[in-house]
1. Show me, for the stretch 133-146, the HN-Hα J-couplings you get by feeding each phi into the Karplus relation (A = 6.51, B = -1.76, C = 1.60, θ = phi - 60°), rounded to Hz, glycine and proline as x.
2. Taking 32 Å as the cut-off for C-alpha to C-alpha distance, list the pairs among LYS38/LYS90; LYS57/LYS123; LYS32/LYS91 that go past it.
3. Based on DSSP loop calls and a cut-off of at most 14 other Cβ atoms within 10 Å, the longest stretch of the chain free of exposed GluC sites (Glu not before Pro) is what?
4. Please report the net charge: other residues with Cβ closer than 14 Å to the Cβ of GLU133, K and R +1, D and E -1.
5. Please give the net charge around LYS120, taking every other residue with its beta carbon less than 12 angstrom from that of LYS120, where Lys and Arg add +1 and Asp and Glu add -1.
6. With 10 angstrom as the radius, rank ILE101, ILE24, ILE60 by how many other C-beta atoms surround their C-beta, starting from the fewest.
7. Gap in Å between the Cα centre of the stretch 10-86 and the Cα centre of the stretch 95-120?
8. Cα to Cα, under 18 Å, and not fewer than 8 places away if on the same chain: which lysines meet these conditions relative to LYS127?
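Bear in mind that the values in this text are calculations on the coordinates, not laboratory data. These numbers were taken from a predicted model, which means no experiment stands behind them. Here the Cβ is made from the backbone with ideal geometry for all residues, glycine too, and neighbour counts use every protein chain on show.
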Amino acid sequence: MKLITQNRKARYEYHILETYEAGISLVGTEVKSLRNNKVNLTDAYAQLRNGEVWLVKAHINVYDHGNIQNHDPERQRKLLLHKSEIRKLKKAIDEKGNSLIPLSLYFKDGKIKVELAVAKGKKLHDKRKDIAEKDMKREIQRKIKI
């Protein structure tokens, strides 16, 4: 498994409830851009429409050496999941406050996969608590080293 990119903001902004691995439908120049790590998942999210899952607002840069057939960087991309997984996602998303966000993009056996998460948004005090815990762990590690 070779990591292409991660949505670092996701774990700070959301409580991760469940994760799923999904394939993604891409065109050739998108794959070439992904091989060059020219992608941004910061504002991306996934949507359920007509029994299908779509990745929205994932920015894959235009391929540098592409021609007139180059792709639209902001286009919506279909995610490939089994029907049973889509049903589970629909149930989870229907609960109030849950959303579907991509955590990372990576290569697995030559194919590009997306790690999707069912997540619930954090409140401001939750974020502060996480920062405080991280600082405590860092301080403990520092003292152990010395």
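1. 4, 4, 5, 4, 4, 4, 5, 5, 4, 4, 5, 5, 4, 7
2. LYS32/LYS91
3. 1-73
4. Net charge in that neighbourhood comes out at +4.
5. On the way: positive: LYS96, LYS122, LYS123; negative: GLU13, GLU18, GLU95, ASP126.
Around LYS120, the charge tally is -1.
6. Fewest-to-most ranking of ILE101, ILE24, ILE60: ILE24, ILE101, ILE60.
7. The stretch 95-120 and the stretch 10-86 have Cα centres separated by 9 Å.
8. Partners found: LYS9, LYS137.
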